[in-house]
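Colleague: This is the structure I want to talk about, given as structure tokens.
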Amino acid sequence: MNKSALIFGVTGQDGSYLSRLLLKKGYVVHGVIRRSSSINTKRIDDIYQEPFTKKKYFILHYGDVTDGSSVFDLIKKIKPKEIYNLAAQSHVAVSFQVPEYTSNADALGSLRILDSIVKINPKIKYYQAGSSEMYGKVQSFPQTEKTPFYPRSPYAVSKVYAHWITINYRESYNLFACNGILFNHESPLRGETFVTKKIVKALCKIKQKKQRRLYLGNIYSKRDWGHAEDYVVAMWKILQYKKPDDWVICTGKQYSVKEFINLVAKKINLDISWKGKGLKEKAFSKDNKIIIEIKKRYFRPSEVDNLKGNSSKAKKILKWKPVKDLNNLIQDMVTYELKKLSNEK
């Protein structure tokens with residue numbers, strides 16, 4: 001019998017990479033998608049054509065973590081061995097604009113899944129996608145599983161709730177329920193509004209004279225960036241370990257947004273120079289044209305300035321470590337964008 005997994009958030013970056021990983025490992029993968037008037041499955045459409053699977057091994061269902069009855073009915077119908085909750089309103093800045101929806105999906109969504117597991121089959125293994133944003137105004141450096149949370153956005157607050165309700169249900173009902181506290185992880189499949197994708201896409205277009213300028217917010221925020229392809233391996237390993245636990249997944253290396261920009265520019269041979277300070281800081285091209293400007297509207301109401309993780313626990317116990325470094329990540333993202341631009345000609 002094939003193992004069966006149910007993925008909430010299957011159409012996202014992580015959901016698409018996790019689906020591919022599980023299919024290669026012989027799973028039957030069930031994915032949950034929201035009903036929409038526009039098709040939103042582009043990250044997973046090609047899975048149906050890949051040689052390691054057929055449609056019967058990759059099955060999509062309509063549902064929504066904001067709808068308790070659909071969550072319950074899906075789990076009861078599918079009877080999965082593992083559930084991965086990757087569903088979320090995952091954009092930090094947007095969470096300030098739609099805080100109630102963010103809380104409903106990101107916080108209560110996890111509760112709905114956990115409560116359904118208790119009622120249907122407490123032996124189902126559960127993975128909750130946490131975030132380094134939960135550390136927010138960091139209380140210690142680098143951040144580990146023991147670092148106190150200090151969330152700085154509705155998104156982060158919702159994720160803290162999801163983290164603790166997972167622990168609470170694990171301890172109250174003896175569930176195999178785990179938290180993965182994943183630091184920033186990117187890929188060519190990253191959403192268009194996330195800063196790494198925004199930077200890579202814009203600089204590639206500027207290089208080809210298809211865009212004039214890029215507008216950004218705080219370029220001095222520091223992040224621990226990894227590759228999503230590596231991080232979904234950690235998700236799977238977390239549910240294969242002998243006991244449920246909470247895990248920090250990261251690279252342990254830190255770069256500022258500005259450093260990320262410079263690395264991308266170097267990768268595509270785009271000469272840039274920086275002038276000015278604060279909101280007046282700008283990046284100029286070789287011919288002295290402004291190509292990057294800082295705009296106040298892209299700053300968050302409360303910033304998270306300094307994230308860097310320590311994943312020594314996962315490395316020691318799960319035998320997990322990242323395979324791809326930031327250079328590999330940027331190369332993958334640049335290659336994808338340049339190919340996409342060439343196909344648009």
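Colleague: Pairs of Cα atoms under 8 Å, at least six residues apart: use those to get the relative contact order of segment 64-145, whole percent.
Modeller: 40
Colleague: Specify which labelled value, from [x] 23.4; [y] 17.7; [z] 16.5, agrees with mean projected area of the Cα convex hull in nm² derived from the coordinates of the model shown.
Modeller: It is the one labelled [y].
Colleague: Can you say what percent of the DSSP beta bridges in segment 142-295, counting only those with both residues inside, are antiparallel? Round to 5.
Modeller: So the antiparallel bridges amount to about 50 percent of the total.
Colleague: Based on the alpha-carbon gyration tensor of segment 258-345 and its eigenvalue square roots a ≥ b ≥ c, which shape applies: rounded if a/c is under 1.5, prolate if not and a/b is larger than b/c, or oblate?
Modeller: Here segment 258-345 falls in the oblate category.
Colleague: Could you list which residues have their amide H under 5 Å from that of Ile249, counting only those 5 or more apart in sequence or on another chain, with H placed in the peptide plane?
Modeller: Ile181, Leu182, Phe183
Colleague: Go ahead and set up a Gaussian network model of the chain, Cα springs under 10 Å, then flag whichever of Ile290, Ile165, Ile33 fluctuates most.
Modeller: Among Ile290, Ile165, Ile33, the largest mean-square fluctuation in the Gaussian network model of the chain belongs to Ile290.
Colleague: What's the FRET efficiency of Leu263 with Gln139 using the Cβ-Cβ distance as r and R₀ = 51 Å, to the nearest 0.05?
Modeller: Calculated value: 0.95.
Colleague: For the chain, give me the percentage of DSSP beta bridges that are antiparallel, rounded to the nearest 5 percent.
Modeller: Approximately 20 percent, going by the DSSP bridge assignments.
Colleague: Using a ≥ b ≥ c from the Cα gyration tensor of segment 7-160 (square roots of the eigenvalues), is it rounded, prolate or oblate, where a/c under 1.5 gives rounded and otherwise the larger of a/b and b/c decides, a/b for prolate?
Modeller: Taking the square roots of the gyration eigenvalues as a ≥ b ≥ c, segment 7-160 is prolate.
Colleague: In nm, to one decimal, how far is the modelled label at Lys340 from the one at Lys77, with both set 7 Å along Cα→Cβ?
Modeller: About 3.2 nm separates the two model spin labels.
Colleague: Just add up the charged neighbours of Thr102: K/R +1, D/E -1, any other residue whose Cβ is under 13 Å from the Cβ of Thr102.
Modeller: -2
Colleague: Pairs of alpha-carbon atoms within less than 8 angstrom and 6+ residues apart define the contacts here; what relative contact order does segment 235-345 have, in percent?
Modeller: Here the relative contact order equals 32 percent.
Colleague: Okay, moving on. Given a cut-off of under 8 Å on Cα pairs at least six residues apart, what relative contact order in percent is computed for the chain?
Modeller: In percent, rounded to a whole number, it is 16.
Colleague: Given the -39500 (n - 2.57) contribution per DSSP H run of 4+ residues, what per-residue ellipticity at 222 nm results for the chain, rounded to the nearest 500 deg cm²/dmol?
Modeller: The per-residue figure over the chain is -11000 deg cm²/dmol.
Colleague: Next question. If one computes the Cα centroid of segment 296-325 and of segment 153-169, what distance in Å separates the two points?
Modeller: Cα centres, segment 296-325 to segment 153-169: 17 Å.
Colleague: Still on this structure, I have one more. How much length, in nm to one decimal, is gained on full extension between Lys3 and Tyr241, taken as 0.36 nm per residue of separation minus their Cα-Cα distance?
Modeller: 84.1 nm
Colleague: Using modelled backbone amide H atoms (1.01 Å from N, in-plane), which distant-in-sequence or interchain residues come within less than 5 Å of Val28's amide H?
Modeller: Excluding prolines and chain starts, which carry no amide H, the hits are Lys3, Ser4, Ala5.
Colleague: Once you've got the GNM for the chain with C-alpha springs shorter than 10 Å, pick whichever of Ser90, Ser311, Ser70 has the biggest mean-square fluctuation.
Modeller: Ser70
Colleague: Here is a further query. Each residue of segment 40-46 in turn: what ³J(HN,Hα) in whole Hz from Karplus with 6.51, -1.76, 1.60 and θ = phi - 60°, glycine and Pro shown as x?
Modeller: Result, rounded to whole Hz: 10, 10, 4, 6, 10, 4, 6.
Colleague: Indicate the gyration tensor shape class of segment 190-345 (rounded, prolate or oblate), computed on the Cα atoms with a ≥ b ≥ c the square roots of the eigenvalues: a/c under 1.5 is rounded; otherwise a/b larger than b/c is prolate and the rest oblate.
Modeller: prolate
Values quoted throughout were computed directly from the atomic coordinates according to the rules given, and no laboratory measurement underlies them. This one's a predicted model, so the numbers in the text were calculated from it and none came from an experiment. All Cβ positions, even for glycine, are placed from backbone atoms using ideal geometry, and neighbour counts span all protein chains on display.
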